[in-house]
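Some notes on the structure that comes next.
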Amino acid sequence: MADKDAKRKTDNEDEAPMPLMKLITPEQEQELDEDERLFRDMNKDMPGVKGSGAIGIVSIAVSKLPAGKNEFFRTSSDFRMSTAIVDLEVGMERQFFAVAKNMEAALESIGITWTNHHLYLTVSPRGAVRLCPVREADSSGDQNEYNRTKELSLIQAIDEWVRIYTDLENRCYRVFPAPAGRFADPIWPQLKPARIFRLAFPDRDRLINSPEHSVFKKWAARDRD
């Protein structure tokens with residue numbers, strides 16, 4: 001009898017544990033599908049990939065600079081996007097609005113200029129995540145020197161921690177790399193590109209996708225105080 005009990009125990013130990021299944025609701029699945037469709041429609045560079053968001057991140061800032069003043073940063077090699085952007089200054093803040101393809105001609109019709117931007121995902125040593133837009137070269141290949149040198153710094157930051165500072169005399173950015181080993185490897189949020197875009201633009205009302213968007217109505221003098 002003892003031999004049989006021992007055999008059953010051994011058999012049970014040899015059995016592999018059942019894998020846990022992560023279930024999502026139909027509503028969550030629909031939201032992921034909508035994120036994917038939006039990302040593919042807005043991205044002029046490459047398609048996104050489907051996936052869910054990370055717990056705890058409810059918003060992603062979009063900023064002119066890749067990090068705070070005099071702060072080091074790294075650039076993600078996994079996020080890549082090009083999309084139409086309109087930027088405007090509100091007080092001391094520069095705000096960036098993504099423009100849906102169906103609204104590009106509508107903005108042009110009221111004299112508002114949009115330009116294509118590359119979006120880069122960056123993180124600071126303290127874990128602050130943001131998107132940094134860089135205006136692309138125009139049809140003739142010309143690019144503002146600030147934009148060109150900022151983009152070079154973002155590309156350099158894929159492999160090492162850097163910070164940038166302004167060279168006013170030459171009207172460009174300069175790069176200062178951190179000593180090797182000064183900072184640990186960056187920790188990226190477990191978010192797919194489609195979700196990153198949603199948290200940075202649509203969820204913050206920064207996607208102009210309709211003539212009823214508040215910013216478009218203001219520019220078209222259709223808003224009311």
Matching entry among Leu168, Leu88, Leu121 (being among the aliphatic types (A, V, I, L, M) and at pLDDT below 95): Leu88
If Leu88 satisfies every condition in (1) over 15 Å from Leu207 (Cα atoms); (2) hydrophobic (A, V, I, L, M, F, W, C); (3) within 20 Å of the chain's Cα centre (by Cα); (4) surrounded by fewer than 18 Cβ atoms within 10 Å (Cβ to Cβ) but one, which is the exception? (1)
Among (1) closer than 26 Å to Asp33 by Cα; (2) in contact with an Asp or Glu (Cβ under 9 Å, 6 or more places away or on another chain) - the single one Asp205 does not satisfy: (2)
Scan region 192-204 and report the pairs whose first residue is over 16 Å from Ser77 (Cα atoms) and whose second residue is part of a helix (DSSP H, G or I), with Cβ atoms within less than 6 Å and a gap of 6+ or a chain change. Arg195/Asp35; Arg198/Asp35
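Restricting attention to region 112-143, and to residues there that are of a type in the set (Ser, Thr, Tyr) and assigned to a loop (DSSP other than H, G, I, E, B), which single residue is surrounded by the most Cβ atoms within 10 Å (Cβ to Cβ)? Break it down into steps so the answer makes sense when it comes.
The initial filter retains those residues of region 112-143 that are of a type in the set (Ser, Thr, Tyr), namely 113, 115, 120, 122, 124, 139-140.
From the residues that got through so far, the ones that are assigned to a loop (DSSP other than H, G, I, E, B) too are 113, 124, 139-140.
Values: Thr113: 7, Ser124: 19, Ser139: 5, Ser140: 6.
Selected residue: Ser124.
Every residue, every condition in (1) surrounded by 15 or more Cβ atoms within 10 Å (Cβ to Cβ); (2) β-branched (Val, Ile, Thr); (3) on the phi > 0 side of the Ramachandran plot, yes or no:
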| position | (1), (2), (3) |
| --- | --- |
| Tyr146 | yes, no, no |
| Asp185 | no, no, no |
| Leu199 | yes, no, no |
| Asp205 | no, no, yes |
Check on Tyr146, among the aromatic types (Phe, Trp, Tyr) and assigned to a helix (DSSP H, G or I): yes
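The values are calculated or read from the model by the stated rules, or taken from the named source; none is laboratory data. This is a predicted model, so every value here is computed, not measured. Quick reminder, even Gly has a Cβ in these numbers, built from the backbone with ideal geometry, and neighbours come from all protein chains shown.
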